[in-house]
Structure formats: C-alpha cells, structure tokens
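Step one of this worksheet: look at the structure below.
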Amino acid sequence: MVAWTPVSKPWLKQNTPAAGGKFGGGKAVPSWNSGGGKGFPSWNSGGGKGFPSWNNSNSQLPWTPPWAGGKAGGAWQPPWMRNVVAQWGNAGGAPWGSAGGSGKGGKGGKGWGKSWSPQRKAPPSLPRDFEVDDAARYTGTVDFYAKWKGYGFIILQQPGIAPSDKVFVHWKSIQSDDRYPYLVKDLEVELSLEKQQDRWNRSITTLRAKNVTLVGGLSISVQDDMDAQEKNFIGGQHLRYTGTLKFFKPRAGFGWVSMDAGYDVEHGVPSDLKVEKAEVNAGGKQPIMMENVAVEFGIWKTDRGEYRVYNMTLPGGHPLTQDALENRISMGAQVHKGEITTWNWRHGWGFLRPEPSTNLPPRVTSKLLQQVQAARSRGKQISEERLLYFRKDDCQWGAPLQRGAKVNFQLYIDDKGAGACEVTSSGGW
C-alpha cells in the first residue's frame with residue numbers, strides 16, 4: 001500500500017511527515033489509513049496531545065451507539081460509513097435500515113431503507129367488472145373531512161353500492177357557494193359516483209364521489225354559519241371595506257391588503273391587513289396569483305389580537321376568479337381532444353395540441369394568432385401556432401399531467417389569448 005503523502009494545512013502548527021504517512025511531534029492530524037483500504041479517517045495523537053485516537057489498533061470506541069447492543073467489534077466509524085450501517089442493522093436497529101444492510105449506504109442498497117421512507121399505501125382497486133351508474137344519485141353522511149387538505153370520506157346510506165360503503169370525496173367535487181368549499185362531519189349529503197384511476201398507480205381504479213350537494217340538490221353553504229360562531233368581527237360579519245390587494249401568493253397561502261383611507265374603525269386596526277387563503281373568495285376554486293387588484297372585504301380579530309381580512313372579493317361582491325380577473329370568456333361546453341406537448345410541473349402550466357381534425361372557432365383562431373405574434377415580438381421562437389395554454393387549476397382531479405398524455409378539454413379566450421380548460425383524461429394513453 002502506498003503511504004499517504006501529507007499536504008501542508010495552514011491551520012496546523014506543524015507538518016512533519018513520519019513513516020507510514022503519519023505525523024510526529026505530538027500534533028493531531030488526520031491519517032487516511034483505517035485499515036482494510038476503506039479510506040476512513042483516523043485521528044492519531046503521537047505525543048498524547050490533541051484528539052483521541054480512533055484507530056483500529058485497540059478496537060476501542062469513543063462511545064457506543066445505544067442501538068448497537070453493546071460495544072461493536074472493530075474500529076468505530078461514523079454512521080454514514082457503509083460497513084457500520086450493516087453492523088447496526090444486524091444488531092437490531094439503525095433507524096433507517098434493517099438486517100442485511102438495506103439502509104442508507106448498506107449492502108446492495110442506495111438511499112434510505114424502507115423502514116425510514118414513508119410509503120403511501122395503495123387504495124384497494126375496484127373489480128374489473130364493477131359498473132357505476134353515472135346518473136344515479138345517492139345519499140350519505142360525511143364521516144371525515146380534512147378542511148385544509150381538501151378531502152374526506154362519505155358513508156353511503158345505501159349498503160352494497162360501494163366497497164366498504166365508504167367513498168372518497170375531493171373538494172373540487174363539492175357544489176358549494178362557500179369561498180372555501182368544505183364539508184363538516186355528520187353532514188347529510190347527496191352525491192353521484194364515478195370511477196377514476198389512481199393518480200400514483202394507473203393500474204388501480206377507485207370509486208369516488210362527484211357533484212356533492214345537500215340532500216335535494218341544494219348547494220352546500222356552511223362557512224358563513226361556522227364563521228359566525230367562531231370569529232370576532234370588527235363592525236359585524238357583513239360590514240364591508242374597500243382597498244387594494246397588494247399581492248396574494250397561492251403557494252405561500254397569504255397576501256396583504258391596503259385598506260382605503262377614511263374608515264372609522266376601532267383603535268388598533270392597521271391600514272395594511274394580512275389575508276389568508278381561506279378568506280379569498282374565488283367562487284369555490286383555488287385562488288390564483290394576484291397583484292394590485294381593487295377588492296372589498298370584512299375584518300376579523302384573531303384570538304391573539306391580530307386583525308385579518310375576511311371574505312375578500314372584487315368590488316360588488318364578485319368572486320376573485322380567473323375568469324373575472326382575466327376577462328375569460330368560455331367558448332361553450334363542446335369537448336375537444338388533444339395531446340399535452342409541454343408540462344411544467346414546478347410552476348403548474350403547460351401547452352396542449354388539439355387533434356389535427358379539430359376545427360377551432362374563429363375567435364379562438366384569431367386569439368391564437370395574436371398570441372403567437374406577441375410572443376415573436378418578444379424574441380421567442382414559435383414552432384407551432386395551434387398550441388393551447390393551460391394551468392393546473394384548469395385541470396380536473398386525476399388528469400394525466402405529463403407530456404404525450406391524451407386529454408379532453410374545453411376552450412376559452414381572454415385578454416392574453418386562447419387556452420384550454422376543464423382538462424380531463426381521454427382514457428387513450
């Protein structure tokens with residue numbers, strides 16, 4: 001074995017080479033000769049000064065890992081070294097690995113072991129011959145709903161309709177007048193059922209609720225009643241103020257509003273107020289990124305004495321929807337087919353190409369032409385002129401958001417051009 005040649009280190013007082021690649025003079029320096037050719041660091045203190053020796057010669061450990069069940073044989077090495085992980089696994093217990101070295105850096109393995117990484121349990125798949133009547137309506141009771149995560153489960157009152165008589169419900173399936181649609185436990189609802197492929201495992205088909213309403217078909221509206229019981233309003237629940245939304249960031253989940261001057265409010269209410277995601281009235285949809293928008297709102301006071309915006313809308317009480325902010329005009333309910341050509345998962349937008357046989361409405365064609373001309377004037381290279389822009393919020397739950405996926409969609413135009421909305425899987429991929 002070729003001895004390691006020391007390199008002068010500016011932070012060491014003395015650099016004296018010794019036989020075998022070690023240093024003399026009683027100065028503690030690292031020597032990469034842990035034995036077995038592994039290249040692990042060994043701290044040698046020639047004259048009894050400096051760092052303790054962690055070499056293999058005395059088979060002593062400076063400390064014993066509590067999960068090792070006693071002193072480990074051989075040299076101690078840091079937990080990220082491969083052979084020690086195997087020892088701890090065999091001893092019954094490194095938290096990220098099991099016997100046999102399947103943990104981080106263990107035998108035959110890369111990355112974290114199964115006992116460390118959380119694994120998503122796949123939902124049970126429906127039988128292949130399971131049939132669903134899309135037009136049928138059922139009644140049920142909300143068993144559980146996570147408001148801030150946007151999903152829950154409904155127990156059907158008609159037994160035998162669904163496996164375990166329980167179905168999954170997503171917030172986008174709730175027909176609601178609330179600015180932040182959600183369900184409450186034990187609420188009686190009416191719903192339809194649909195089959196859908198699992199987002200993470202396309203070989204699994206699950207059953208879920210759609211078009212969830214109150215019994216009788218009325219829209220669900222529970223937020224105002226819950227707010228009246230839980231919130232402390234400034235001037236009353238329905239008193240409105242005007243101002244300017246400085247910004248709102250959906251990813252951060254909040255924004256700031258500057259209240260117009262001239263309002264007689266109680267002492268301590270600031271002119272700049274924080275608005276949280278749950279108080280952005282987007283007509284039952286996810287709020288989008290916004291800046292410098294005229295708004296109206298209420299004010300409430302938290303238990304900590306902080307003032308917050310309540311039920312923020314456009315002036316006149318209109319929801320802060322994408323359609324309203326961008327003057328979006330729907331081109332009707334006609335469904336078209338196409339293929340996703342680009343999907344930016346990080347920023348949540350993409351482009352899709354309509355099928356060659358698709359006859360786009362004249363207004364859409366004109367908007368696409370304006371869109372392409374504007375892009376070229378900014379120096380962009382446009383190879384295809386019939387690509388339609390879409391956002392994640394334009395997609396239905398379960399839409400295959402990846403390049404090459406076959407999709408169904410509807411059309412719209414707005415101030416920026418033309419795009420696709422109501423994007424769903426066509427089942428052809």
Scoring only Lys, Arg, Asp and Glu (+1, +1, -1, -1) among other residues with Cβ under 11 Å from the Cβ of Leu218 yields -2
By average C-beta atoms within 10 angstrom, highest first, the peptides 146-153, 128-135: 146-153, 128-135
Rule-of-thumb check for region 284-353: C-alpha Rg over 2.2 N^0.38 Å? 1.59
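Relative contact order of region 138-223, please, whole-number percent, based on alpha carbon pairs below 8 angstrom and at least 6 residues apart. List each step's numbers first, then the result.
Details: 186 pairs, mean separation 26.1, N = 86.
Relative contact order of region 138-223: 30 percent.
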Just how large is the dipole of region 361-429 about the Cα centre, in debye to the nearest 20, putting +1 at every Lys and Arg Cβ and -1 at every Asp and Glu Cβ? 260 debye
Region 295-399, relative contact order [Cα under 8 Å, separation at least 6], %: 18 percent
Highest mean first, what order results for 289-296, 227-234, 393-400 on Cβ atoms within 10 Å? 393-400, 289-296, 227-234
Taking the Cα centre of region 138-223 as the origin, how large is its charge dipole in debye, to the nearest 20, when only Lys and Arg (+1) and Asp and Glu (-1) carry charge on their Cβ atoms? 440 debye
Is the shape of region 320-409 rounded, prolate or oblate, going by the alpha carbon gyration tensor and its root eigenvalues a ≥ b ≥ c, with a/c under 1.5 for rounded and a/b larger than b/c for prolate? rounded
Which of rounded, prolate, oblate describes region 360-414, given a ≥ b ≥ c as roots of the alpha-carbon gyration tensor eigenvalues and a/c under 1.5 marking rounded, otherwise prolate only if a/b is larger than b/c? prolate
How do the peptides 190-198, 373-381 rank, highest first, by the average count of neighbouring beta carbon atoms within 10 Å per residue? 190-198, 373-381
Taking the convex hull of the alpha-carbon atoms of region 138-223 and averaging its shadow over every direction gives an area in square nanometres of 5.5 nm²
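For region 347-429, what's the relative contact order in percent, using C-alpha pairs closer than 8 Å and at least 6 residues apart?
Numbers: 115 pairs, mean separation 27.0, N = 83.
Computed value for region 347-429: 33 percent relative contact order.
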Anisotropy class of region 231-325 from Cα gyration tensor, a/c 1.5 cut: prolate
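Quick note: the coordinates plus some simple rules give every number you see, no bench work behind them. Here the structure is a predicted model, which is why all the values come from computation and not from measurement. Glycine gets a Cβ as well: all are built from the backbone with ideal geometry, and neighbour counts include every protein chain shown.
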